[in-house]
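A short worksheet on the structure shown next.
The values are calculated or read from the model by the stated rules, or taken from the named source; none is laboratory data. Please read all numbers here as calculations on a predicted model, not as lab measurements. Cβ: placed from backbone, ideal geometry, glycine included. Neighbour counts: every protein chain shown. Note: accessible area is taken over every heavy atom of the protein model, side chains too, but ligands, DNA and RNA are not part of it. Shrake-Rupley method; radii C 1.70, N 1.55, O 1.52, S 1.80 Å.
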Amino acid sequence: MSTHTVFRLQSQGSHHNIKQHAEPIPTVEPHEILLKIRGISLNYRDLAVANGTYPFPVKDQVIPCSDAAGEIVKIGSHVEGLKVGDRVVANFDVTNLFGPQKDWNHGHGAPIDGFLREFAALPASAVTKIPEGAKLSFAQMSGLVCTGVTAWNALYGNIPLKPGQTVLFQGTGGVSVTGLLLAKAAGARTIITSSSDDKLAYVQKKYGADYTINYKTQPNWAAEANKLTGGEGVDFILENGGSGTIKQSIDCIKMGGIIAVIGFLSAAKQEDMPDVAGLALSKGCIVRGITVGSKQLLEELVRFVVYTSIKMPEHETIVVVGAGVIGLSTALCIQQHLTPLQSVVIVARDFPNTTSINYATPWAGAHYRPVPGKTPQIVQEATWAKRTYDVFQHIATEEPAASGVQFLFGEEYLQKPSPEYLDAVADVSKSAYGHLLRGFERLSVDEIGNSAVCLGIRYWTYCVNSPVYAAYLLRKFVLKGGRTRAYTLVVPDEAFSLEPNVTTVVNCSGLGFGDPKSFIIRGQTCLVRNTCSKTITHQNSDGSWSFAIPRPLEGGTIIGGTKQPRDWNPNPMPEIRQTLLSNAAKWFPFASNGPETFDVVRDIVGRRPAREGGFRLEAEMVSVVGADGCNRTGNVIHAYGIGGRGVELSWGIAEDVAGLLLKKGIIMEKALL
Ligand SMILES: Cc1cc2nc3c(=O)[nH]c(=O)nc-3n(C[C@H](O)[C@H](O)[C@H](O)COP(=O)(O)OP(=O)(O)OC[C@H]3O[C@@H](n4cnc5c(N)ncnc54)[C@H](O)[C@@H]3O)c2cc1C
């Protein structure tokens, strides 16, 4: 007998008590259909059932979740009007075909099993067919069941809403937002309340609320609603607060209006309990409890949503491809701007704590060296560097031990400084050094102590222990609710089908995917145990560079380094190690006796992901196939090819990527979580 996956709540108390089982796929009775479940919606009720606060009956070992959409895969012999392949939604209460709910014993996911499983056998009478051609995903369809019918019942279950009437929604939760969409599509005027200006701005922009009221800053929100309606009051209120808000609801309901009581989020103290009967009488209004609704209401709702083409809210996934310093910083920036219906997933071939020559981040020195110059690329990089410097300063102050970031002095000794360096030191304030915290100074001839060196400078900069820092970024991302997935993509568009409803893919893959402009710059360095109190860079007479980068948290010192474009040699070259160490012995203070005094930990070979013309930061729209097999358009934001400066430019780039997403309306100014 074939089995399917079923999740059951072993005991109430926590959603952690939900356990996976393999059980036989149900057989169908003559009047039943077998539903293959393709979409589930979560409601507050599901959490209450799991944690034991749901006040109505819950069966032992219940299968949670009341809302499901799916495809019919088998039909009982007596079923008419439905066929295999039909897309359907299941009614909340299996017995409630029309009229008010009859009892509390037949709702899915509490008194009877719900839909956290692959297949369910249901009476054919308990499902509603989604018309063919309807542009709704299974997730959107399932959202119609509890949230949708509740809102529809509030507006149409009694005296129906008419165009031009005014509806007030309390809060920006699922029922309010769904009700707002329905009321707008029906030609009503809408008012929505919240304690957060950001949430109000979001629902106004995204769902088109006509008016918003912040009940924190305007505690007498009823007076405000009366003002907005010229003193008449509103025709409908979706009452989510309960006893704590009902008085104000009655204060601003129109004579004869309807207050649909849905939630009980704000309870009044016993001594402040309003006299609802007296108040309702004074307005001749209807105060009506809503308990989801019948199959008849679900059918009406499905017709309305499908034929008015309302875009029902749906959870969205943003995929960041790449867990290098660019991908991790970008994912963290995006997390600050999510709506409650969005999440970020990092998909990558390599993650921190793994090593691959093609994963540049763990190999980075890394220190920050401002680069003077006037080309557009250098000017752009200077802007990113400045913003990154500020963020690193904050990180080094707040979490030095966890992050592996440390501020210290940097010194540079240049034997053949280019005109850009000389211009910069001539007018520091306007140069790439202008933003540095502890000023900037030219070293005196005595301090330089080497007649071959034409220019010596000192400034306050930072060093990063790259492997520690990458792990720190990943930890932060996960602790903020981010998810990760180890996967190697062939093309970025593939990411659209990896997770449900991926709207946006941010390509932080280092080299892009076969971009002909991308190339690698091989870097060979040497990690030694010898310590150094500052980061030092020396420009040699042949134009090559030597550097010493102390790795914070006693991570030794990186002696560098080479820049070898398009050199794919993966092996450390002994002669390069010899040159690096002998230069270091010559120039740097810790090894005056020659290379043999270095205590070498290991050679490092890494590939910097570079690109002709510089970093690619660009948005494009693509046609994609989603995880549900449906065609749609998606956003791809390319953010790759940073070459040898990824760490020191990372936060500036990440903020610009998030800025692009903000500009396109994909994320919000502030996270609304
Ligand atoms: C020796 C050396 C020294 C350096 N020193 C410094 C320094 O001092 N300062 C500084 O700022 N920078 C320095 N760098 C440069 C720095 O390391 C890079 O600029 C930076 O790490 C690039 O980050 P990234 O996120 O773009 O790429 P990467 O770190 O390479 O990350 C790319 C990510 O994309 C993923 N990916 C790629 N292709 C796929 C695919 N097909 N499917 C799924 N995932 C994929 C990878 O698995 C990885 O997670 C140095 C580099 C080297 C090698």
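Normalised radius of gyration (Cα atoms, divided by 2.2 N^0.38 Å) for the stretch 489-574: 1.58.
On the chain, 54 percent of the accessible area sits on carbon and sulfur atoms, based on a 1.4 Å probe. Over the Cα atoms of the stretch 3-137, the radius of gyration divided by the Kirkwood radius equals 0.97; this is the Rg/Rh ratio.
Order W363, W568, W152, most accessible first, counting only protein heavy atoms with a 1.4 angstrom probe.
W568, W363, W152
Angle of helix 646-663 to the longest C-alpha principal axis of the chain, folded into 0 to 90 degrees and rounded to 10: 30°. If both residues of a DSSP beta bridge must be in the chain, then about 60% of such bridges are antiparallel. Annotation for the stretch 591-661 versus the stretch 295-350: alpha-carbon center distance of 24 Å.
With 10 Å bins beginning at zero, the pair-distance distribution over Cα atoms of the stretch 130-202 amounts to 19, 46, 31, 4, 0 %.
For the chain, the longest principal axis of the C-alpha atoms and the axis of helix 197-207 are separated by about 70°. The base-10 log of I(q)/I(0) for the stretch 313-460, evaluated at q = 0.16 Å⁻¹, reads -1.04 [Debye formula, identical scatterers on Cα atoms, solvent excluded]. Report note on the peptides 239-245, 156-162: ranked by the mean count of other C-beta atoms within 10 Å, highest first, their order is 239-245, 156-162. Measure nothing but the geometry: give the 0 to 90° angle between the long axis through the Cα atoms of 466-479 and the longest principal axis through the Cα atoms of the chain, rounded to 10°. Approximately 10 degrees, to the nearest 10. Give me the Å³ per residue figure for the convex hull around the C-alpha atoms of the stretch 147-307. Each residue corresponds to 102 Å³ of Cα convex hull volume. Rolling a 1.4 Å probe across all protein chains gives K476 an accessible area of roughly 70 Å². Under the combined filter of DSSP loop state and at most 11 neighbouring Cβ atoms within 10 Å, the stretch 1-80 retains these GluC sites (Glu not before Pro): E80. Per the Cα gyration tensor, the chain maps to an equivalent ellipsoid with semi-axes of 60, 29, 21 Å, ordered largest to smallest. Protection proxy ranking for 182-195, 513-526, using the average of other Cβ atoms within 10 Å per residue and placing the highest first: 182-195, 513-526. In the context of the full set of protein chains, the chain has a per residue accessible area of 43 Å² (1.4 Å probe). Helical content alone sets the calculated 222 nm signal of the chain at -8000 deg cm²/dmol, taking -39,500 (n - 2.57) per DSSP H segment of four or more residues and averaging over every residue. A Cβ-based charge dipole, computed about the Cα centre of the chain with Lys and Arg at +1 and Asp and Glu at -1, lands at about 380 debye.
Peptides 58-68, 533-543, 624-634, 101-111 ranked from most to least packed give 58-68, 101-111, 533-543, 624-634, packing being the mean of other C-beta atoms within 10 angstrom over each peptide's residues.
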